[in-house]
Amino acid sequence: MTFRKDADLSGGSVSGGRGGGRRGMAVGGGVGGIVVVLVALFLGVDPGQLGLDTGGGQGDPQSQSRIDQRLEECTGEMANTDTICRIKATTISLEDVWGQQLPQQTGMAWEQPHTTIFEGSVSTACGAASSDVGPFYCPADQDVYMDPSFFDQVLAGQLGGSDDLVATSYVVAHEFGHHLQNMFGDLRRSQQDPQGPSSGAVRVELQADCYAGIWFHYATTTPARGSQEPLVESLTEQHIDAIIQTAEAIGDDHIQKASGTRVDPSSWTHGSSQMRRHWLVTGYEQGTVEACDTFRAQL
Ligand SMILES: [Zn+2]
């Protein structure tokens with residue numbers, strides 16, 4: 001997936017977050033520890049509600065201003081090589097697509113969530129969180145939180161997801177899926193029934209994958225704001241394979257195998273590799289919110 005080189009990436013609801021002083025334990029804490037946390041939270045919805053408080057929020061103005069400066073400089077061309085710019089470009093394309101599709105398909109107006117890019121740890125309305133929770137969405141401040149180091153070190157490095165930047169776009173689109181669920185009032189179903197292969201939590205996560213698929217369906221054909229041309233220039237078969245590889249890498253069964261623990265469906269919170277692949281592909285092929293009704297589906 002590539003963005004148009006001359007695309008305008010100015011503006012956008014993305015900024016650097018307050019980094020914290022716990023960088024040592026963040027992603028350097030050892031595979032075992034990380035994977036255990038990821039089983040609970042990876043691409044999850046809300047660290048605060050799981051009682052995690054990792055002592056962030058000390059503030060690291062240098063990290064924040066470095067990220068803000070990079071965000072200012074981002075161009076479409078940089079979005080094809082740089083993770084921070086890729087995150088920003090993806091949020092703008094998501095706004096283009098959902099701004100058009102949501103009213104067309106449901107009659108609701110899209111409200112763009114804010115996206116915060118941080119290093120180490122971050123203060124949120126859902127509590128403090130460190131990088132090892134992975135990317136997440138906080139419904140209390142309607143903000144998507146991303147640490148760029150997660151993609152190389154954990155997703156591609158430890159879990160065997162694709163190292164193509166399209167994997168980063170998929171994760172951003174998944175978190176925006178949680179924002180959509182928050183708008184629909186469906187996000188709470190995750191907390192009401194938090195574990196098991198057909199639990200509310202798994203249905204919420206699979207639906208977010210399906211919503212991510214909808215974005216991929218329309219990304220290359222939806223015109224960018226103030227332009228005739230889409231922000232996303234191409235999405236190839238290779239890119240689709242990379243997205244599927246990533247969806248499979250973050251299945252609960254794969255994460256349990258990778259962490260050396262027994263595969264135990266009763267502890268699943270996000271769904272198996274096969275389930276995640278299935279719902280991502282469903283959203284991509286169908287392109288409709290209706291096709292993503294994981295709550296009525298037989299899992
Ligand atoms: Zn999620």
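The values are calculated or read from the model by the stated rules, or taken from the named source; none is laboratory data. Note that the coordinates shown come from a computational prediction; the quantities given were computed from them, not determined experimentally. All Cβ positions, glycine included, derive from the backbone under ideal geometry; neighbour counts span all protein chains shown.
Per the listing S162, S149, S93, S169, the residue uniquely surrounded by 24 or more Cβ atoms within 10 Å (Cβ to Cβ) and in contact with a Ser or Thr (Cβ under 7 Å, 6 or more places away or on another chain) is S169. Of the residues in the stretch 94-101, none is modelled with pLDDT under 85, aromatic (F, W, Y) and either assigned to a helix (DSSP H, G or I) or within 16 Å of the ligand (Cβ to nearest atom) (or both). Exactly one residue out of I244, I255 is touching a residue at least 12 places away in the same chain (Cβ under 8 Å), more than 16 Å from the ligand (Cβ to nearest atom), farther than 24 Å from Q142 by Cα and surrounded by 15 or more Cβ atoms within 10 Å (Cβ to Cβ), and it is I244.
Checked against (1) more than 27 Å from M108 (Cα to Cα); (2) in contact (Cβ under 8 Å) with a residue 40 or more places away in the chain, R262 passes all but condition (2). Listed by position, the strands (runs of 3 or more DSSP E) enclosed by the stretch 130-241 that each have at least 1 residues that are within 26 Å of S266 (Cα to Cα) and within 11 Å of the ligand (Cβ to nearest atom) are 136-138.
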